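I have placed the structure first, in the form of structure tokens, so that the comments after it can refer back to it.
Rule-based calculations on the coordinates, nothing more; no lab input. It should be emphasised that the depicted structure is a prediction, and the values quoted were computed from it without experimental measurement. Backbone-built Cβ (ideal geometry, glycine too); neighbour counts: all protein chains shown.
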Amino acid sequence: MSEGFIEIVKIMSALVGRATLSCKKMESLTYIRLMVSRLSSPGVESVLITLEVVNMVTVENPLLEHGVKYLYYLAPVKNLRSILRHGIMTKNVVEARKLDYIDCSDREVQALRREKSLHNYVPLFLNTRNAMTYRYQQSGVDFVILRLLSDLVTDYTCKVSDRIAACREAIIMDLTAKALVTFGVREIITVKNFYANHDLKQRLGAEILVHTDIIDSKWIESVFLAPGRSRIRDLSIKQLYDNAWNLYFYV
């Protein structure tokens, strides 16, 4: 291979590196994969360069445009220390590692989630005043609500559902500013009760679906306790009470 050919490859690689940096200002991070092949013909040496553009994770956080600084995850207290130590895992990963954990989820709902390959994602809520929180409280589950920084979406590939993702009629799209507007995210995050409204009940369960095996525990900002519950001993993370009943139901 000639020295000239090698120099061309070096120059193009440098240009690709610069292009990658400039792309970070875009809504979707893009990287450019450079593939170089050598084409030879009698007396001619040329270079075929192919640039492949591949969408990656969201660089900017579209949730902030709607005032969404936090996302939420419901966790049985017995699972809490493991989560704070190892992170929030997908159901597939938990089962594959045969971890000892408490599962308070609805079996029929989980069957639907498995059918839709949702166990490949970590589900987070935009609004915890939803059907799952109500069911946990009504059935006496000892659980807490983890508050995570919504900027985590800049570290992972995410999708958003317009309602409980397991619903047959749920629409799931890539997490973008347009998708959030289409799904009416402002209503989802502000409504506090669904009462007998079936459609609203589903919509308040809208999810941010994080496509990763494990969400790093560094994104967990605090743990919210229901008013009246005693603090959990020997936890390094901040524990707060939901005294205004913004996250829990008054039951």
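Most tightly packed first, judged by the mean number of other beta-carbon atoms within 10 Å of their residues, the peptides 223-229, 138-144, 191-197 read 223-229, 138-144, 191-197.
Computed from label points 7 Å out along Cα-Cβ, the spacing between VAL141 and LYS69 is 2.7 nm. Taking packing as the residue-averaged number of other Cβ atoms within 10 angstrom, the listed peptides 156-164, 70-78, 235-243 run from highest to lowest as 156-164, 70-78, 235-243.
Listed by Cβ neighbour count within 10 Å, with the fewest neighbours leading, ARG107, ARG113 appear as ARG107, ARG113.
A P(r) calculated from all alpha carbon pairs of segment 83-142, with 5 Å bins opening at zero, reads 4, 14, 22, 29, 22, 9, 0 percent. Extending 7 Å from Cα along the Cβ direction at LYS218 and again at TYR241 yields two label points whose distance is 3.3 nm. For segment 62-241, the equivalent ellipsoid derived from the alpha-carbon gyration tensor has semi-axes of 23, 18, 18 Å in decreasing order. Beyond 22 Å in Cα-Cα separation lie the following of the pairs LYS78/LYS238; LYS69/LYS178; LYS98/LYS218; LYS78/LYS218: LYS98/LYS218.
Residue by residue, segment 122-129 carries 3J(HN,Hα) couplings of 8, x, 10, 9, 8, 9, 8, 7 Hz when phi is fed to the Karplus relation 6.51 cos²θ - 1.76 cosθ + 1.60 (θ = phi - 60°); x denotes Gly or Pro. Around the amide H of THR157, modelled in the peptide plane, lie the amide H atoms of HIS211, all under 5 Å away and 5 or more residues distant in sequence or on another chain.
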